[in-house]
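The values are calculated or read from the model by the stated rules, or taken from the named source; none is laboratory data. Just so you know, these numbers come straight off a predicted model, no measurement behind them. For neighbour counting, all protein chains shown are included, and Cβ atoms are generated from backbone atoms with ideal geometry for every residue, glycine included. Just so you know, the surface numbers come from the protein's heavy atoms only, side chains and all, with ligands and any DNA or RNA stripped out. Shrake-Rupley method; radii C 1.70, N 1.55, O 1.52, S 1.80 Å.
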Amino acid sequence: MFRARNTLLIVVAGISLLIASSCAMGEKADAKKKPVDAFEQNKHLGRGINLGNALDAPKEGEWGVTLKEEYFKIIKDAGFDSVRIPIRWSNHALKEAPYTIDPNFIKRVDWAIDNATKNGLYVMLNIHHYIELMEKPKDNTDRFLALWQQIAEHYKDSPDSVMFELLNEPSNQLSPQLWNELLAKGLAVVRKSNPGRTVVIGSAESNIINLLQKIQIPEDDRNIIVTVHYYTPLRFTHQGAEWIGAEKTKGWLGTKWTGEEKETQEVIKYFDRAADWSKENNRPINLGEFGAYEKADMDSRALYTAFLAKSAIERGFSFDYWEFCSSFGAYDPKKNAWREPLLKALIP
Ligand code: BGC
């Protein structure tokens, strides 16, 4: 009995030692890796562009954009610092538990992230157009969390230049309160496999600036960038936009943006509000989407884009223009050339 107890003690002591030393090693490994600073990370995002209408379409190509390897170099060479890659994971995962993501789709996303990284671009990848979640948040919570569990696990060894944005434009039935509950759960899932990853989180009601006041992010998690979208005035930026109601927006055709004081003051008012919130809350701001549809005239689009880009950078925000080569496109994929007025507006 005595001997048996002694042997047990020795075994327990041995195991404890092993655990203690492996913890210490873990600490050493962690200590070597300097934690990133969200404000620094936001500087790296700098001037970015959305690779929109590609992986966020129901199927890549369905909205006219299939990503090409050369795009990443073209973007880098033009002077951009980062890309935001909108991704419709919800169309490529099982509808029932365990909500497995199609491995071929993950490979395609890997390809995009690798190409961005190879070209020295920072990357923000997100969950985009999860329409069912917006319509029935409660019914889709488990699936949303399972998607993040898989995405986060898969990209846990990516460099710090890869950032996760939890959800594009929470809206519809996903109220500010439900979004606050969900973002905390989503963040907790991500943090399990990615304790040091920079996470991007947007305000409710489609990431509008006025809703920054309502966002609740766990106070002790400082590795967060907060994102807002800005398309005001919609009558100008979305004139003729079929997806928000052809009849309504047809009447907006011809609306210009000339940079007169009334127009610039509106931008300044909202951007100052976001900057004030950023200071009060000590969180960096990303302007994750802004731009004007191709049906607006080019002079107005260029003036508007330049004023927003400049106003964002002046306030220390990073930005992502919406978008690269589709209907808001700064790049013309048919001519294989930048639309110079828009490029100059973004990269002066
Ligand atoms: C949507 C796009 C849309 C853009 C401008 C984005 O958030 O994902 O589909 O074209 O906003 O309306």
Check your understanding: Tell me, in nm to one decimal, what length is gained between Glu280 and Ala184 on full extension, where the rule is 0.36 nm per residue of separation less the Cα-Cα distance?
Key -> 32.5 nm
Review point. Under 20 Å from the Cα of Lys248, which aspartates and glutamates turn up, not counting those fewer than eight places away in the same chain?
Key: Glu294, Asp297
Study note, to complete from the structure: Carbon/sulfur accessible area of region 36-346, % of total, 1.4 Å probe, equals 51
Review point. On a 0 to 90 degree scale, rounded to 10, what angle separates helix 103-118 from the longest Cα axis of the chain?
Key: 70
Review point. Excluding ligands, DNA and RNA, what is the solvent-accessible area per residue of the chain at a probe of 1.4 Å, expressed in Å²?
Key: 48
Check your understanding: For the charge dipole of region 36-346, defined by +1 on Lys and Arg C-beta atoms and -1 on Asp and Glu C-beta atoms about the Cα centroid, which residue among Phe271, Phe324, Ser82 has the Cα displaced farthest towards the positive pole?
Key -> Phe324
Review point. Relative to the longest principal axis of the chain, what angle (0 to 90°, nearest 10) does the C-alpha long axis of helix 261-281 take?
Key: 10
Check your understanding: Is it possible to state the helix-based mean residue ellipticity at 222 nm for the chain, with each DSSP H run of 4+ residues giving -39500 (n - 2.57), the sum divided by total residues, to the nearest 500 deg cm²/dmol? What is it?
Key -> -15000 deg cm²/dmol
Review point. ³J(HN,Hα) across region 165-173 via Karplus (A = 6.51, B = -1.76, C = 1.60, θ = phi - 60°), whole Hz, x for Gly/Pro?
Key: 9, 4, 6, 6, 6, x, 7, 6, 7
Check your understanding: Taking Cα centroids, how far is region 248-307 from region 122-136 in Å?
Key -> 23
Exercise for review: Using R₀ = 22 Å, calculate the FRET efficiency as 1/(1 + (r/R₀)^6) where r is the Cβ-Cβ separation of Asp142 and Gln216; round to 0.05.
Suggested key: 0.55
Review point. In degrees between 0 and 90, to the nearest 10, how far off the longest principal axis of the chain does helix 2-32 point, with axes built from Cα atoms?
Key: 30
Point to revise | Pairs of alpha carbons in the chain whose separation is greater than 31 Å (percent) | key: 36
Practice item. Work out the P(r) tail for region 129-198: percent of alpha carbon pairs separated by more than 18 Å, whole number. Key: 35
Exercise for review: May I ask you to derive the FRET efficiency for Glu314 and Ala78 from their Cβ-Cβ distance with R0 = 22 Å, giving the value to the nearest 0.05?
Suggested key: 0.55
Review point. Which whole-number percentage describes the relative contact order of the chain, with Cα contacts under 8 Å and a sequence gap of 6 or more?
Key: 17
Review point. For the charge dipole of the chain, defined by +1 on Lys and Arg C-beta atoms and -1 on Asp and Glu C-beta atoms about the Cα centroid, which residue among Ala292, Ile49, Ile127 has the Cα displaced farthest towards the positive pole?
Key: Ile127
